[in-house]
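The values are calculated or read from the model by the stated rules, or taken from the named source; none is laboratory data. Here the structure is a predicted model, which is why all the values come from computation and not from measurement. Every residue, glycine among them, receives a Cβ derived from its backbone with ideal geometry; neighbour counts consider all protein chains shown. Quick note on the areas: whole protein, heavy atoms, side chains included, nothing else; ligands and nucleic acids left out. Shrake-Rupley method; radii C 1.70, N 1.55, O 1.52, S 1.80 Å.
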Amino acid sequence: MQMQYKNIILRDMIEEDIEDYVRWFTVQTEWAKFDAPWEPIEPDESTQKSWTEYYNEVRNLSEDTLRWKFEIEVNGKHLGWVSSYLIDENYEWIASDIASKEARRAIGINICENDFWSKGIGTNALEAFLRYYLNLGYQEIHTQTWAGNIRMLKVAEKLGFKTCHIRKEFREVNGRRYDALTLVYHKTALSTGILEN
């Protein structure tokens, strides 16, 4: 499956992406300082094997299978991914059937090529992913981040997400405490986000 939106393409993983994932999870890890820096990446010899196994699991998905993840591509370059996961009523991650519509869905983004940061690509990619779920009938979508991830907070605000849950000083990064934030986008709510324009 592939979708084009503005200057980006969201698409299923291809075999050539494995090499990028190995690089992003071994040597080019700057992106992880913003994603979840309290969970450091620990590269090992199984990185290539893990991503190859993942690719083999997802490469033959039917067109009508709900996607929980897409790769981000701009002008033929693979830059990162958007993904989703499920959270419970306490905004905690839950292990469940990723295609379930019963739990709350949260979305996120990783642009791993730092030459492409702060160029609007993340906003366009997350907006396209949000539209994907809204078009499937979801009425609300969440996103989660930490107070130190300023770029992600700006993207969420542009798209019309509103803070719905705060865990005060829940995350520690480089010796400082930061709030953990959950934000929500309501399809039917009045919003000043760019999706309403």
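Against the criterion of being in contact (Cβ under 8 Å) with a residue 12 or more places away in the chain, among the β-branched types (Val, Ile, Thr) and open to solvent by 30 Å² or more (accessible area, probe 1.4 Å), Thr47 does not qualify. Within segment 166-184, which residues are more than 16 Å from Thr143 (Cα to Cα) and among the aliphatic types (A, V, I, L, M)? Passing the criteria: only Val173.
Pairs please, first residue from segment 12-34 and farther than 23 Å from Thr65 by Cα and charged (D, E, K, R), second anywhere and open to solvent by 50 Å² or more (accessible area, probe 1.4 Å) and in a helix (DSSP H, G or I), Cβ atoms under 6 Å, 6+ apart in sequence or on different chains. Close Cβ pairs satisfying both conditions: Glu30/Asn114. When His78 is tested against (1) loosely packed, with under 15 Cβ neighbours inside 10 Å; (2) at pLDDT 95 or above, just one condition goes unmet, and that condition is (1). Is one or more of the residues making up segment 17-30 open to solvent by 50 Å² or more (accessible area, probe 1.4 Å), within 24 Å of His142 (Cα to Cα) and either more than 15 Å from the chain's Cα centre (by Cα) or of a type in the set (Phe, Trp, Tyr) (or both)? The answer is no, given that none of the residues of segment 17-30 is open to solvent by 50 Å² or more (accessible area, probe 1.4 Å), within 24 Å of His142 (Cα to Cα) and either more than 15 Å from the chain's Cα centre (by Cα) or of a type in the set (Phe, Trp, Tyr) (or both).
Within segment 108-122, residues that are closer than 18 Å to Val27 by Cβ and open to solvent by 30 Å² or more (accessible area, probe 1.4 Å) sit with their Cβ atoms under 9 Å from residues that are modelled with pLDDT under 95 and part of a loop (DSSP other than H, G, I, E, B), at 6+ positions apart or across chains, in these pairs: Asn114/Gln28; Asn114/Glu30; Asn114/Trp31; Trp117/Trp31.
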